[in-house]
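Before any comments, here is the structure.
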Amino acid sequence: MKEFQEGSKAVADIVSLCKPGVISAYPITPQTHIVEELAQLVADGKLNSQFINVESEHSAASVVLGAAATGVRSYTATSSQGLFYMAEVIFNIAGMRLPLVLTCANRAISAPINIWNDQQDSISLRDSGWIQLYAEDIQEAVDLHLIGYRISEDKSMMLPVMVCMDGFILTHGIEVVDMPQQQEVDKFLPSYKPLYKLDVENPISMGLLADPDYYTETRYAIHDTMKDALTFIPKVTAEFAKVFGRNYNGLLEEYRTKDAERVIVSMGSVCGTIKEVVDELRAKGKKVGLVKITSFRPFPAAAVFDALKDIPKVAILDKSVSLGSYAPLAVEIKAAFFAKKKAPKIISSFVAGLGGRDITKDSIKEVFSLLTNKERPCEFIDLKPELLRESYE
Amino acid sequence: MSNEPLFSSGHTACAGCGQSLAARLVIEAAGANTIVVNNTGCLEVFSTKYPETAWGVPWIHSLFENAAAVASGVEGALKYLGKKDSINVIAQAGDGGTADIGLQALSGMLERGHDILYVCYDNEAYMNTGIQRSGLTPFDSNTTTSPLGAQSLGNIRPKKPMPEIAMAHGIPYVATCSVGLTQDLQRKVKKAIAIKGPKYLQIHVPCPLGWRHEPGLTIQVGKLAVDTGLYPLIEYEYGKLTGARQIQPKPVQEYLKTQGRFKHLLNNPQELAKIQEIADNNIKKYNLKAESQTGS
């Protein structure tokens with residue numbers, strides 16, 4: 001059924017349709033609307049779930065860890081500092097191979113404190129062993145939660161999934177959403193049957209100490225599963241398309257790139273803006289396009305190579321930066337072309353939209369115009385030089 | 001009970017480890033229908049080094065400070081599955097994992113009213129990392145981070161009042177016990193398990209390595225802590241003191257002299273007086289002195 005919905009409410013609705021038995025969260029902007037909505041659904045008796053209000057994000061993540069280990073589908077959501085406070089548990093959940101879905105309402109990192117959107121929070125946890133999927137719009141955010149549970153709980157995966165949606169832009173934005181029906185959801189996502197769990201009938205120990213004789217293989221195993229996920233994710237999205245009629249590749253999306261001479265690569269909601277600019281420029285005869293990365297972990301290097309190998313000039317637009325190095329997505333794209341015969345002549349990197357600064361259509365046009373024969377290693381867009389002068393003086 | 005032990009021998013605890021004995025007594029009292037959530041610490045390390053485990057019940061370890069929160073999730077999941085009434089959940093940790101780094105998660109668990117027994121194995125320092133002081137390290141104790149020196153007589157603060165902190169949450173049952181008094185320990189575990197809601201049990205567990213006493217003296221050292229009044233065995237039910245083990249108080253030296261961590265105090269009357277005062281205050285506060293023995 002299609003209706004206008006706030007992103008957070010839509011996510012709460014799809015999570016509710018996935019029937020998590022345990023939900024735990026701690027308030028942080030801009031994630032709060034999601035869990036408020038879920039709390040209301042539980043309070044109204046519309047969702048049969050244990051909603052556990054905790055004293056911190058560390059405990060929220062720990063609660064869902066415990067619930068997942070007991071064999072119950074579970075859910076949590078957070079943002080920014082909350083995700084960082086969870087960080088220790090985030091790594092632990094993946095290390096224990098527990099299936100979960102977490103919504104990260106992407107938000108900037110303090111200091112200075114800033115509640116608005118960028119992607120520095122989830123990007124900083126890229127090495128945690130979680131599958132990270134980035135949504136472009138509210139519909140995709142909704143669908144990725146359902147797809148996320150399906151991937152996470154599959155016996156060949158057993159990895160947690162972080163659905164990343166830009167804070168405010170998607171969590172508080174309102175769009176027409178086609179909400180799946182319960183019957184279809186149940187068909188696509190059967191009830192969770194754990195491979196192993198805490199069970200008094202069949203006692204096992206979980207979370208053991210692994211010494212140097214064993215530790216490496218546990219990390220290798222996750223790394224290996226991540227590689228398998230590169231083929232498994234598109235399989236699940238293909239199945240999803242059959243049931244729900246919406247087609248996602250799950251790894252990346254190529255938008256008007258076939259004959260393109262200049263292509264921007266990016267993630268999240270900004271891809272919607274980029275598509276608009278691409279359409280405008282195309283109407284003027286400019287050969288431009290977009291590659292939207294949906295799966296940042298696992299990173300689809302082979303698919304990226306195929307999508308960009310014949311494009312002369314590529315710009316990567318990051319909503320985060322690795323301070324003292326380069327922009328994270330740019331590093332991945334460049335690595336995908338390292339020592340390859342076929343490669344774009346120019347791969348330039350741009351950083352924009354930090355701390356909620358709007359990335360306007362003009363910002364995107366500037367990126368295209370800066371995509372010249374001069375390679376740019378890490379250029380900030382919409383920087384205000386007058387503020388820099390102030391802070392240096 | 002099945003023939004499978006709930007906590008097997010063959011683990012790698014030190015000789016005379018009070019915690020390993022206490023852990024076995026706890027799980028045997030709780031029974032096979034129990035899920036155990038363990039903080040990081042000695043017990044976790046010596047009982048579950050892959051590919052071996054000492055545990056005959058479902059057992060999980062996540063991190064240093066989150067057993068109370070993980071257990072909350074386990075309990076929530078059991079409620080969702082409709083199994084909570086038939087399965088006990090125990091969260092357990094050392095003194096550092098309880099009184100210091102895990103205090104926030106514990107407070108949350110107690111406040112939320114989960115049906116969980118939280119067990120703190122109190123060996124009075126971070127033993128797993130090499131005898132650093134914790135919030136439950138006693139006054140004047142010599143540890144690697146409260147060492148003796150020209151300007152130091154050991155740990156400068158008394159033990160954090162964890163039982164009272166737990167009790168302040170308005171929970172149904174709080175108790176202390178000692179591995180030196182095994183029947184009392186198991187009685188309290190059984191009593192706690194039978195009560196719905198959050199329960200806090202703090203067990204004094206001598207550590208031969210950290211306290212520097214003979215491994216064969218673990219039980220005796222535990223008993224002496226109780227008998228001197230330095231480790232009062234008390235029970236609170238819904239905030240009311242309902243039990244206090246009566247003692248014929250022995251001078252604190254009897255306890256201190258058994259352990260290397262207090263050796264520096266034995267010829268220091270001033271410091272001994274301070275520690276005697278701690279014991280005397282406990283005896284007074286909890287009315288520990290056995291009445292039949294009070295001649296004076």
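The values are calculated or read from the model by the stated rules, or taken from the named source; none is laboratory data. Quick caveat, the model's predicted, so the values are computed rather than measured. Positions of Cβ are generated from backbone atoms using ideal geometry, with glycine treated the same way; all protein chains shown enter the neighbour counts.
As a summary of the residue check, residue A:216 satisfies the conditions (1) within 20 Å of residue A:350 (Cβ to Cβ); (2) within 14 Å of chain B (Cβ to nearest Cβ) except for the one numbered (1).
To keep it simple, each residue is scored yes or no on (1) under 15 Å from the mean Cα position of the chain (by Cα); (2) assigned to a loop (DSSP other than H, G, I, E, B).
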residue: A:148; (1), (2): yes, no
residue: A:159; (1), (2): yes, yes
residue: A:169; (1), (2): yes, yes
residue: A:195; (1), (2): no, yes
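If the condition is being buried (at least 24 other Cβ atoms within 10 Å of the Cβ) and within 8 Å of chain B (Cβ to nearest Cβ), then the stretch A:22-48 contributes A:22, A:24. Residue count for the stretch B:41-56 satisfying the condition of being assigned to a loop (DSSP other than H, G, I, E, B), at the interface with another protein chain (Cβ under 7 Å from one of its Cβ atoms) and of a type outside the set (Ser, Thr, Tyr): 1. Scanning the stretch A:1-51 for residues that are in a strand (DSSP E or B) and over 16 Å from residue A:139 (Cβ atoms) turns up A:22, A:23, A:24, A:25, A:50, A:51.
Scanning the stretch B:237-272 for residues that are surrounded by 18 or more Cβ atoms within 10 Å (Cβ to Cβ), in a helix (DSSP H, G or I) and touching a Leu at 6+ places or on another chain (Cβ under 7 Å) yields B:252, B:255, B:256, B:262, B:265, B:271, B:272. Anything in the stretch B:58-99 that is surrounded by fewer than 24 Cβ atoms within 10 Å (Cβ to Cβ), part of a helix (DSSP H, G or I) and at the interface with chain A (Cβ under 9 Å from one of its Cβ atoms)? List them, or say none. If the condition is that a residue be surrounded by fewer than 24 Cβ atoms within 10 Å (Cβ to Cβ), part of a helix (DSSP H, G or I) and at the interface with chain A (Cβ under 9 Å from one of its Cβ atoms), then B:79, B:80, B:81, B:86 are the ones that fit. Of the residues making up the stretch A:173-209, just one is without any contact (Cβ under 8 Å) to a residue 12 or more places away in the chain, of a type in the set (D, E, K, R) and within 11 Å of another protein chain (Cβ to nearest Cβ), namely A:201. Considering the conditions (1) buried (at least 23 other Cβ atoms within 10 Å of the Cβ); (2) assigned to a helix (DSSP H, G or I); (3) within 8 Å of another protein chain (Cβ to nearest Cβ), residue A:72 is excluded by exactly one of them, (2). Would you mind stating whether residue A:118 is closer than 27 Å to residue A:222 by Cα, more than 9 Å from chain B (Cβ to nearest Cβ) and of a type in the set (D, E, K, R)? When the stated conditions are applied, residue A:118 does not pass them.
In the set (1) within 28 Å of residue A:17 (Cα to Cα); (2) in contact with a Gly (Cβ under 8 Å, 6 or more places away or on another chain), residue A:114 fails one condition alone, (1).
Is the stretch B:5-25 home to any residue that is in contact with a Lys or Arg (Cβ under 6 Å, 6 or more places away or on another chain), closer than 20 Å to residue A:52 by Cα and at pLDDT 95 or above?
No, the stretch B:5-25 contains no residue that is in contact with a Lys or Arg (Cβ under 6 Å, 6 or more places away or on another chain), closer than 20 Å to residue A:52 by Cα and at pLDDT 95 or above.
Within the stretch B:161-185, residues that are over 10 Å from residue B:202 (Cβ atoms) and at pLDDT 95 or above sit with their Cβ atoms under 9 Å from residues that are polar (S, T, N, Q) and surrounded by fewer than 19 Cβ atoms within 10 Å (Cβ to Cβ), at 6+ positions apart or across chains, in these pairs: B:165/B:107; B:169/B:107; B:180/B:220. For residue B:261, the stated conditions hold: it is basic (Lys, Arg), at pLDDT 95 or above and within 19 Å of residue B:131 (Cβ to Cβ). The number of residues in the stretch B:169-206 that are part of a loop (DSSP other than H, G, I, E, B) and touching a helix residue (DSSP H, G or I) at 6+ places or on another chain (Cβ under 6 Å) comes to 7.
Yes/no matrix, rows are residues, columns are (1) aliphatic (A, V, I, L, M); (2) surrounded by fewer than 21 Cβ atoms within 10 Å (Cβ to Cβ); (3) in a loop (DSSP other than H, G, I, E, B):
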residue: A:231; (1), (2), (3): no, yes, no
residue: A:259; (1), (2), (3): no, yes, yes
residue: A:265; (1), (2), (3): yes, no, no
residue: A:274; (1), (2), (3): yes, no, no
residue: A:281; (1), (2), (3): yes, yes, no
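Would you confirm, using the coordinates I've provided, whether residue A:85 is part of a helix (DSSP H, G or I) and either under 25 Å from residue B:63 (Cα atoms) or of a type outside the set (D, E, K, R) (or both)? Judged against the criteria, residue A:85 is a match. Of all residues in the stretch B:94-104, those satisfying the criterion of being in contact (Cβ under 8 Å) with a residue 40 or more places away in the chain and over 18 Å from residue B:173 (Cα atoms) are B:94, B:95, B:96, B:97, B:102.
Residues being assigned to a helix (DSSP H, G or I), at the interface with chain B (Cβ under 7 Å from one of its Cβ atoms) and of a type outside the set (Gly, Ala, Ser): count how many of those fall in the stretch A:52-69.
First, pick out the residues of the stretch A:52-69 that are assigned to a helix (DSSP H, G or I): A:57-69.
When the remaining residues are screened for being at the interface with chain B (Cβ under 7 Å from one of its Cβ atoms), the result is A:58-59, A:62-67, A:69.
This time we only want the ones that are of a type outside the set (Gly, Ala, Ser), so: A:58, A:63-65.
Going through the stretch A:52-69 one residue at a time, the tally reaches 4.
The set of residues from the stretch A:316-373 being more than 20 Å from residue A:260 (Cα to Cα) and among the aromatic types (Phe, Trp, Tyr) comprises A:326, A:338. Among the residues examined, residue B:126 qualifies as touching a Ser or Thr at 6+ places or on another chain (Cβ under 8 Å) and not small (Gly, Ala, Ser). Looking across the stretch A:75-88, just one residue is surrounded by fewer than 24 Cβ atoms within 10 Å (Cβ to Cβ), within 13 Å of chain B (Cβ to nearest Cβ) and of a type in the set (A, V, I, L, M, F, W, C), and that is A:87.
Which residues, taken from the stretch B:1-40, are surrounded by fewer than 17 Cβ atoms within 10 Å (Cβ to Cβ), away from every other protein chain (no Cβ under 11 Å) and touching a helix residue (DSSP H, G or I) at 6+ places or on another chain (Cβ under 7 Å)? Matches in the stretch B:1-40: B:14, B:15. Within the stretch B:237-276, the set of residues being more than 22 Å from the chain's Cα centre (by Cα) and of a type in the set (Asp, Glu) comprises just one member, B:271.
Exactly one residue out of A:345, A:313, A:319 is under 21 Å from the mean Cα position of the chain (by Cα) and in contact (Cβ under 8 Å) with a residue 12 or more places away in the chain: that is A:319. Here is a check on your reading of the model: is residue B:285 surrounded by fewer than 16 Cβ atoms within 10 Å (Cβ to Cβ) and at pLDDT 95 or above? Taking the combined requirement at face value, the residue satisfies it. Here residue A:196 meets each of (1) within 22 Å of residue A:72 (Cβ to Cβ); (2) surrounded by fewer than 19 Cβ atoms within 10 Å (Cβ to Cβ); (3) touching a helix residue (DSSP H, G or I) at 6+ places or on another chain (Cβ under 8 Å) with one exception, condition (3).
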